[in-house]
Amino acid sequence: MNKELNTQEKNILLDSIRDVPDFPKPGIIFKDITPLLGSPEAFNTLMDHLTNRYLGLELDFIAGIDARGFIFGSILADRLGVGFVPIRKKGKLPYTTVAEKYSLEYGFDEVEIHIDAFGKDGAKVVLIDDLIATGGTAKAAYELIEKVGAKCVECCFVIELEFLNGREKFKGKEVYSVIKF
């Protein structure tokens, strides 16, 4: 599982991530992956890399965090021949759910998962999202996976903003980031 990007792959991905200054507020430099999603070369480079990383792990599911984790997660699940499970913002899932709160700059938010999302205890899952910043949403999603009886093998992020220390919320857990800033 320790497969890393080669230099050419890394450059293709880096060239497809755009900096947007002062978004969503002054002083923030937003890492925009929209160009990556729109580039067949960059998108396939990313998805091929993730497929090769997780192939052979005998996973049961990929879980994706609302909303961009759905893009990467559903395609990765299809490529690996496993199921996909959405982890959604509160109130968006139609069946019985389990929720987990996480803190925001001002207050709290929640994510949910269906109580029977994995169908069996011990299902092997990779959690995926586009970005880890402070790690609050991802940690809540990880805890939901474990709460409903599955085993989160690894948390995977396309981008990690290392200076925000989100990885520290996952001490002792496997975390992989494709690109780090």
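Selection of the stretch 51-70 for residues being touching a residue at least 40 places away in the same chain (Cβ under 8 Å) and not acidic (Asp, Glu) yields 52, 53, 54, 57, 59, 61, 62, 63, 64, 65, 68, 69. Within the stretch 51-75, the residues that satisfy the criterion of being of a type outside the set (Gly, Ala, Ser), within 11 Å of the chain's Cα centre (by Cα) and either over 22 Å from residue 115 (Cβ atoms) or part of a loop (DSSP other than H, G, I, E, B) (or both) are 66, 68, 71, 72.
Taken over the stretch 150-172, residues that are over 11 Å from residue 129 (Cα atoms), among the charged types (D, E, K, R) and either assigned to a strand (DSSP E or B) or under 14 Å from the mean Cα position of the chain (by Cα) (or both) amount to 3.
Selection of the stretch 79-101 for residues being surrounded by fewer than 19 Cβ atoms within 10 Å (Cβ to Cβ) and β-branched (Val, Ile, Thr) yields 96, 98. Report whether or not residue 112 is touching a residue at least 40 places away in the same chain (Cβ under 8 Å), over 28 Å from residue 49 (Cα atoms) and of a type in the set (Asp, Glu). No.
Screening the stretch 149-181 for residues that are surrounded by fewer than 15 Cβ atoms within 10 Å (Cβ to Cβ) and over 23 Å from residue 123 (Cβ atoms) and picking the one that is modelled with the lowest pLDDT gives 171. The single residue among 101, 31, 92 that is of a type in the set (Lys, Arg) and in a loop (DSSP other than H, G, I, E, B) turns out to be 92.
Only one of the listed residues (48, 78) is part of a helix (DSSP H, G or I), without any contact (Cβ under 8 Å) to a residue 24 or more places away in the chain, among the charged types (D, E, K, R) and under 21 Å from residue 175 (Cα atoms). That residue is 48. Is one or more of the residues making up the stretch 104-121 under 13 Å from the mean Cα position of the chain (by Cα) and either among the small types (Gly, Ala, Ser) or assigned to a strand (DSSP E or B) (or both)? So far as the stretch 104-121 goes, no, none of its residues is under 13 Å from the mean Cα position of the chain (by Cα) and either among the small types (Gly, Ala, Ser) or assigned to a strand (DSSP E or B) (or both). Scanning the stretch 72-114 for residues that are β-branched (Val, Ile, Thr), more than 19 Å from residue 147 (Cβ to Cβ) and in contact with a helix residue (DSSP H, G or I) (Cβ under 8 Å, 6 or more places away or on another chain) turns up just one, 75. Scanning the stretch 131-148 for residues that are out of contact with any Phe, Trp or Tyr (no Cβ under 7 Å at 6 or more places or on another chain) and either in a strand (DSSP E or B) or surrounded by fewer than 19 Cβ atoms within 10 Å (Cβ to Cβ) (or both) yields 133, 134, 143, 146, 147.
Checking the stretch 14-21 against the condition returns no match, with no residue being touching a helix residue (DSSP H, G or I) at 6+ places or on another chain (Cβ under 7 Å), under 13 Å from residue 127 (Cα atoms), surrounded by 13 or more Cβ atoms within 10 Å (Cβ to Cβ) and of a type in the set (Ser, Thr, Tyr).
The values are calculated or read from the model by the stated rules, or taken from the named source; none is laboratory data. No experiment lies behind these values; they were computed from the predicted model shown. Cβ: placed from backbone, ideal geometry, glycine included. Neighbour counts: every protein chain shown.
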